[in-house]
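The values are calculated or read from the model by the stated rules, or taken from the named source; none is laboratory data. Since we're looking at a predicted model, the values are computed, not measured. All Cβ positions, even for glycine, are placed from backbone atoms using ideal geometry, and neighbour counts span all protein chains on display.
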Amino acid sequence: MKLESHLQQGKVRYYLNNNFSLSIVENSHYRWLNFGQTTQSIMLKRKPFVLTLPHQYFMMLPLLFIMPKRVVEFGLGGGNLLRFLSHISPNSVIESIEQSNEVIECFHQYFNPDNHPYLIHQQPAKRWLLNHSTSAINWLIYDIFSSQKNDGEWPLIDSIIRQSNEHSWITLNISNHSNIKINEVLQQLNKIKRTRSLIYFQVPYYKNIIVHLHPSDAHEIENKHIPSRYLNRARKLWLHRSLDR
């Protein structure tokens, strides 16, 4: 059965309508988290570490090149990348920065079936950046969901890039923007990318642009970490990257 069919047959497990609408729905195969009318994260219940959404395959592509010792992800959601990276790289230190206590509680109750002791910090990303050094982080991931992007998004992305080690990888999931706004963001990124190269992917049929800023000497695919089941797909996706504008 196609994923779209599954998403039409779910039972609501949790609903919160406070500062934002958050719901958790499931059927016999999947459990998913919605912000408003948007499905943010989907977990395959029998294999919680498996990636399920198309944009996540684009986000994992740095694993073709690096074996990260430390990863910091801004934005938890349903924790797909957190479970995936922890599964394939158990020796890596992987941290998630999430502002919403409700999202963190939902993650532990509904999206952490193995009760794994994940490193999750409840605080705004901006505050975390002010109080922590990023010099030893190999990979920074920006994946903060917002149904309506606001002016606070760009200063945060700017801070992540400027404070990072210039040899680290940075991955940005930019969504819900018009083409004009996306072009503006890409132009801004080009101005502050420092010694990095910029590539991006427009996810087919989705409102996601995945941007990777990587060290300029990262040219040869080494397949450091991607499991064999994902490898061929990852190599093909990398070939379709768009370069700096």
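If you check L16, L3, which single one turns out to be over 30 Å from S89 (Cα atoms), over 19 Å from the mean Cα position of the chain (by Cα), of a type in the set (A, V, I, L, M) and modelled with pLDDT under 95?
On the way: L3 fails: over 30 Å from S89 (Cα atoms).
Testing whether each residue is over 30 Å from S89 (Cα atoms), over 19 Å from the mean Cα position of the chain (by Cα), of a type in the set (A, V, I, L, M) and modelled with pLDDT under 95 leaves just L16.
Any idea how many residues of segment 100-145 are of a type in the set (A, V, I, L, M, F, W, C), surrounded by fewer than 16 Cβ atoms within 10 Å (Cβ to Cβ) and within 16 Å of R83 (Cβ to Cβ)? Let's see the steps before the verdict.
The initial filter retains those residues of segment 100-145 that are of a type in the set (A, V, I, L, M, F, W, C), namely 103-104, 106-107, 111, 119-120, 125, 128-130, 136-137, 139-141, 144-145.
Adding the requirement that they be surrounded by fewer than 16 Cβ atoms within 10 Å (Cβ to Cβ) leaves 119, 130, 136.
Among the residues that remain, those that are also within 16 Å of R83 (Cβ to Cβ) are: 119.
Number satisfying all stated conditions: 1.
Does N112 meet the test of being more than 22 Å from S168 (Cβ to Cβ) and out of contact with any strand residue (DSSP E or B) (no Cβ under 6 Å at 6 or more places or on another chain)? Give the derivation first.
Working: more than 22 Å from S168 (Cβ to Cβ): yes; out of contact with any strand residue (DSSP E or B) (no Cβ under 6 Å at 6 or more places or on another chain): yes.
Here the answer is yes, as N112 does meet what is asked.
Quick one: what pairs do we get from segment 169-186, first residue more than 12 Å from I144 (Cβ to Cβ) and free of Cβ contacts under 8 Å to residues at least 40 places away in the same chain, second among the acidic types (D, E) and surrounded by fewer than 20 Cβ atoms within 10 Å (Cβ to Cβ), C-beta under 9 Å, 6+ apart or different chains?
Filtered contacts from segment 169-186: H177/E184; V185/E153.
What tally of residues in segment 11-47 results from selecting those that are crowded, with 19+ Cβ neighbours inside 10 Å and either among the small types (G, A, S) or in a loop (DSSP other than H, G, I, E, B) (or both)?
Number of matching residues: 2.
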